[in-house]
Amino acid sequence: MTLDVAYLRGSMAVILSVLQHTSCPENVIFHFVASASADISHLNLTIAESFPYLSFTIYPFDDSAVAGLISTSIRAALDCPLNYARNYLADLLPSCVGRVVYLDSDLVLVDDIAKLVATPLGDRAVLAAPEYCNANFTSYFTPTFWSNPSLSLTFANRKPCYFNTGVMVIDVERWRAGDYTTKIIEWMELQKRMRIYELGSLPPFLLVFAGNIAPVDHRWNQHGLGGDNFRGLCRDLHPGPVSLLHWSGKGKPWARLDANRPCPLDALWAPYDLLQTPFLLES
């Protein structure tokens with residue numbers, strides 16, 4: 001997971017939910033990535049005091065590595081350099097780490113993460129995630145992209161579907177072997193020159209991996225609970241069982257609870273809120 005002050009409250013909720021629902025919490029190791037310019041000692045202390053037996057490491061991430069590659073998107077929060085740290089996990093993590101689950105900070109698990117870690121990746125897949133093939137895949141890229149044959153042929157012989165990068169099982173060894181960080185960076189460099197997509201850190205992952213990822217049941221990413229990226233409207237759960245609730249989108253549950261304007265499903269996040277604000281600040 002990434003870690004910063006703005007989302008620390010959400011990160012703490014994720015940690016608590018993972019530990020509460022796994023059968024062997026002593027087997028869970030957290031790898032956190034924080035901006036090198038952040039107060040890492042404060043972040044370290046907050047986690048250590050709340051979870052005194054937790055095995056974790058915080059890795060500093062050099063924002064300048066990605067700052068020049070970021071193109072503005074539809075929501076300023078999506079342009080934070082730390083959003084792109086997932087591109088560099090293979091470089092940041094120790095070589096002994098072979099497989100990880102990447103999680104956003106705006107979610108909670110209600111099932112054993114060991115089941116997600118055990119997702120079969122087959123012989124070739126680098127990552128696994130729930131796919132959403134009913135989404136309009138073409139909308140994630142600009143007409144400039146689709147009208148250029150050399151670009152649109154990227155998806156030839158693939159059946160690309162949208163997937164949410166907030167929940168991914170990643171084989172870090174295969175990632176390193178295939179040098180996928182470089183592949184993602186190359187698309188980001190092209191984006192700076194000719195604007196082939198609109199939405200932050202997601203499209204480069206789609207360009208590199210869509211159509212070539214191992215399947216994960218949708219129960220592991222009930223996403224979109226934060227509403228859309230413009231208005232943050234309340235959303236309902238998707239049909240079917242739930243193992244992970246994800247408040248992707250504009251509205252975050254802690255902000256809505258503090259403002260006394262929660263959505264109904266925010267009540268499912270509240271029990272994991274270790275850093276709740278004890279009083280409402282005057283506006």
Loop-resident sites, the stretch 130-213, for trypsin sites (Lys or Arg not before Pro), counting at most 15 other Cβ within 10 Å (DSSP)
Arg158, Arg195
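Going through the stretch 205-244, which trypsin sites (Lys or Arg not before Pro) have at most 14 other Cβ atoms within 10 Å and a DSSP loop state? Working shown, then result.
On the way: sites: Arg219, Arg231, Arg235; in loops: Arg231, Arg235.
Listed in order of number, the matching sites are Arg231.
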Among Phe163, Trp175, Leu121, flag the residue with its Cα farthest along the positive direction of the charge dipole of the chain, charges on Cβ as +1 for Lys/Arg and -1 for Asp/Glu.
Phe163
Cα centroid distance between the stretch 96-135 and the stretch 150-198, in Å?
17 Å
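With the Cα gyration tensor of the stretch 89-161 in hand, give its eigenvalues times 5 under a square root as the equivalent ellipsoid semi-axes, listed largest first in whole angstrom.
On the way: eigenvalues 181, 58, 38 Å².
Value: 30, 17, 14 Å, ordered largest first.
How large is the accessible surface per residue of the stretch 5-272, computed with a 1.4 Å probe and reported in Å² as a whole number? The partial results should precede the final answer.
Values: 12150 Å² over 268 residues.
Value returned for the stretch 5-272: 45 Å² of accessible area per residue.
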Let's see if you can work this out: charge +1 on each Lys and Arg Cβ, -1 on each Asp and Glu Cβ, no other charges. What is the dipole magnitude of the chain about its Cα centre, in debye to the nearest 20?
780 debye
Base-10 log of normalised Debye intensity for the chain (one unit scatterer per alpha-carbon) at q = 0.08, 0.12 Å⁻¹:
-0.33, -0.77
Which Cys residues of the chain have no other Cys beta carbon under 4.7 Å away?
Cys24, Cys80, Cys96
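Computed FRET efficiency, Cβ-Cβ of Val97 and Asn148, R0 41 Å: what is it to the nearest 0.05? Each step should come with its number before you reach the end.
Details: r = 38 Å, r/R0 = 0.92.
Computed FRET efficiency for Val97 and Asn148 comes out at 0.65.
Leaving ligands, DNA and RNA out of it, rank Ile47, Ile29, Ile113, Ile40 by accessible area with a 1.4 Å probe, largest first. Could you put the intermediate results ahead of the total?
Working: Ile47 0, Ile29 105, Ile113 20, Ile40 45 Å².
Final ranking, largest accessible area leading: Ile29, Ile40, Ile113, Ile47.
Would you list Tyr88, Tyr7 from the most to the least accessible area, probe 1.4 Å? Show your work: numbers first, answer last.
Values: Tyr88 25, Tyr7 70 Å².
Reading off the accessible areas and sorting them downward yields Tyr7, Tyr88.
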Among Pro94, Cys234, Leu274 the positive-end extreme of the charge dipole of the chain (Cβ point charges)
Cys234
Projecting the Cα atoms of Leu107, Pro253, Ser147 onto the charge dipole of the chain, where Lys and Arg contribute +1 and Asp and Glu -1 at Cβ, the residue farthest towards the positive end is Ser147
Accessible surface of the stretch 5-272 [probe 1.4 Å, protein heavy atoms]: carbon and sulfur percent:
55 percent
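The values are calculated or read from the model by the stated rules, or taken from the named source; none is laboratory data. Here the structure is a predicted model, which means the values were calculated and not measured. Quick reminder, even Gly has a Cβ in these numbers, built from the backbone with ideal geometry, and neighbours come from all protein chains shown. In case anyone asks, the SASA skips ligands and DNA or RNA and just uses the protein heavy atoms, side chains included. Shrake-Rupley method; radii C 1.70, N 1.55, O 1.52, S 1.80 Å.
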